[in-house]
1. With the requirement that a residue be among the polar types (S, T, N, Q), modelled with pLDDT of 90 or more and within 14 Å of the chain's Cα centre (by Cα), what does the range 1-37 give you?
2. Scan the range 86-100 and give yes if some residue there is hydrophobic (A, V, I, L, M, F, W, C), over 19 Å from the mean Cα position of the chain (by Cα) and crowded, with 20+ Cβ neighbours inside 10 Å, otherwise no.
3. Can you pull out the residues in the range 72-122 that are hydroxyl-bearing (Ser, Thr, Tyr) and in contact (Cβ under 8 Å) with a residue 24 or more places away in the chain?
4. Could you tell me how many of the residues in the range 101-127 are surrounded by 14 or more Cβ atoms within 10 Å (Cβ to Cβ) and not in a loop (DSSP other than H, G, I, E, B)?
5. Can you tell me which residue within the range 5-44, out of those that are charged (D, E, K, R) and out of contact with any strand residue (DSSP E or B) (no Cβ under 6 Å at 6 or more places or on another chain), is farthest from Phe86 (Cα to Cα)?
6. Check whether at least one residue in the range 38-50 is among the acidic types (Asp, Glu), surrounded by fewer than 17 Cβ atoms within 10 Å (Cβ to Cβ) and at pLDDT 90 or above, and report yes or no.
Amino acid sequence: MKNKNKGFTLVELLAVITVLGILTMIAVPNVLSTINNNKKNSFLMDAKRMVAKANELIASNKDDRNLAKSSGKTYAFADLNQKDEFPNDADGGSFDLNNTYVKVTFSNNSFKYCIKVVGSKRSIKDKTTSNCIDSSNLTGIEVVVDN
């Protein structure tokens, strides 16, 4: 008589489950790391866009430009987000309205942009020397991000 039982043995099923478990242990940390890096990059991109928006506001307003040249002009988050350009931070929360700003000053014949961005889970620390950048190098923002 022929054996009509079709299917997998218990050993075969355990082997497949073990292999899937090992693959999961390898894949999940890599996926989580990739997601975190993408959120960090998105947060940094928002900061760069805020600096670009401040640059646009300074360029279009003579009074702001003169104030930046004399004592500095600070753009609060509400000033930067007039057209709801930053609805959520990278983590899906909101930016802190009171602690997110770009301060524009003038020295050495160029504008400097000092940024402080506080999101729901991440922030860019306000360290004047490391977060102030030349208007000629808006893409070169170097910031410290807390996860």
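1. Residue satisfying the conditions is Thr34 alone.
2. No, because not a single residue in the range 86-100 is hydrophobic (A, V, I, L, M, F, W, C), over 19 Å from the mean Cα position of the chain (by Cα) and crowded, with 20+ Cβ neighbours inside 10 Å.
3. Matches in the range 72-122: Thr74, Tyr75, Ser94, Thr100, Tyr101, Thr105, Ser110, Tyr113, Ser120.
4. 16
5. Lys6
6. no
The values are calculated or read from the model by the stated rules, or taken from the named source; none is laboratory data. Computed from a predicted model, the values in this text were never measured in an experiment. In this analysis, Cβ positions are derived from the backbone assuming ideal geometry, glycine residues included, and neighbour counts consider all displayed protein chains.
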